[in-house]
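A short worksheet on the structure shown next.
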Amino acid sequence: MRVFYLFFLVLISFQSCSTSSNDDMIVKEEKEMEMKEEMQMEEDMSNSNLLSGDFISGAHTTSGKASVNEDNTTLSFLNFKTDEGPLLEIYLATDTSAKEYITLGAIKGVNGNYEYDLPENIDLVKYNHVLVWCVTFSVNFGHAVLK
């Protein structure tokens, strides 16, 4: 009987160890996938044919990189970071004061990588400023100039 209990305890020990290492492997694989996606996004943004620019702080600390894909259909933010605020939107504008702009809608997040759909046939030479705009207070949190 003692042998049976001992065998049972050893079996449970091995099972609990293998479950833990399986969980660790899953977490490791997820992190590797995230890193590969980020590296691919960085590679896409480094293509010299793309319009891109670094974020510059305005009323709030803002950083990261904005880039437009080759088809001019998607605006991507890489390593983007800004402060929380009331009613923040992403604008494509002609200048940093949003005298003339097109809204891309509400901000998707204040820390990370994000993508926004661009309107068809947008003139990115004219609307070359990407603004993080606080609608409530008419304040530019930060901007990037697409070149």
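Site pair D23 and K147 shows an inter-label distance of 5.0 nm when each label is modelled 7 Å from Cα along Cα→Cβ. For region 68-127, the relative contact order comes to 42 percent (Cα pairs under 8 Å, sequence separation of at least 6). Judged by the ratio a/c of the largest to the smallest principal axis of the C-alpha gyration tensor, region 69-147 counts as oblate, that ratio being 1.5 or greater while a/b is no larger than b/c. Place a point 7 Å from Cα of D123 in the direction of its Cβ. Which residues in region 75-116 have their backbone N less than 14 Å from it? Hits in region 75-116 for D123 at 14 Å: 93-95, 100-102.
Counting heavy atoms of the protein chains alone, E32 has an accessible area of about 80 Å² for a 1.4 Å probe.
Using a Förster distance of 35 angstrom, determine the FRET efficiency expected from the C-beta separation of S63 and M33, and round it to 0.05. Calculated value: 0.90. Between N111 and T74, take the C-beta separation as r, use R0 = 22 Å, and let me know the FRET efficiency to the nearest 0.05. Rounded to the nearest 0.05, the efficiency is 0.65.
The values are calculated or read from the model by the stated rules, or taken from the named source; none is laboratory data. Remember, predicted model here, so these are calculated numbers, not experimental data. Here Cβ is always computed from backbone atoms with ideal geometry, including for glycine, and neighbour counts include all displayed protein chains. With ligands, DNA and RNA removed, areas are computed over all heavy atoms of the protein, side chains included. Shrake-Rupley method; radii C 1.70, N 1.55, O 1.52, S 1.80 Å.
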